[in-house]
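The next block holds one structure in the form of structure tokens; read it before the comments.
FYI, it's all coordinate maths here, none of it is from the lab. What you see is a predicted model, and the numbers here were worked out from it, not measured in a lab. Neighbour counts are summed over all protein chains in view; Cβ atoms, including those assigned to glycine, are modelled from backbone coordinates with ideal geometry.
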């Protein structure tokens, strides 16, 4: 398995890197290329999540939740002003966790999609 494909992901934390290594350890070179292409198009950069969360203070609260496919929480944040900004502050502190959870879901979805394409 060639790890050089993972170095192109911006803002990748060690935990995400280890998850990727573990998930792709049995893939062939061609499967890995296909997986990286799919995963890269779905992955969210933690810095983008941070910037969008900061946007919640001044423009529209909850955009970070919509970006991470948490539609219900996004609507709740939108209509309550980020739960009176408390939820937005919590998301500012936990933006890396939000991104990691979303990216982990996208990792498994990308793996399933690649398996379907190879079948």
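Taking Cα atoms only, the orientation of helix 95-118 departs from the longest principal axis of the chain by about 40 degrees. Taking every DSSP helix (H) stretch of at least 4 residues in the chain, weighting each as -39,500 (n - 2.57) and dividing the sum by the residue count yields a mean residue ellipticity at 222 nm of -23500 deg cm²/dmol.
Kindly express, to the nearest 10 degrees and within the range 0 to 90, the angle between helix 14-24's C-alpha long axis and the longest C-alpha principal axis of the chain. That helix lies at roughly 40 degrees to the long axis. Once the chain from residue 116 to residue 48 is taken as fully extended at 0.36 nm per residue, the excess over their C-alpha distance is 21.5 nm. In terms of other Cβ atoms within 10 Å, 43, 65 run from fewest to most in the order 43, 65.
Against the chain, whose longest principal axis comes from its Cα atoms, helix 46-58 is set at around 10 degrees.
Determine the shape class of the range 7-112: with a ≥ b ≥ c the square roots of the Cα gyration tensor eigenvalues, call it rounded for a/c under 1.5, and otherwise prolate if a/b is greater than b/c, oblate otherwise. Because a/c hits 1.5 or more and a/b exceeds b/c, the range 7-112 counts as prolate. Across the chain, the mean sequence separation of Cα contacts (distance under 8 Å, 6 or more residues apart), normalised by length, yields a relative contact order of 28 percent. By the count of other C-beta atoms within 10 Å, a proxy for reagent exposure, 49, 89, 71 are ordered fewest to most as 71, 89, 49.
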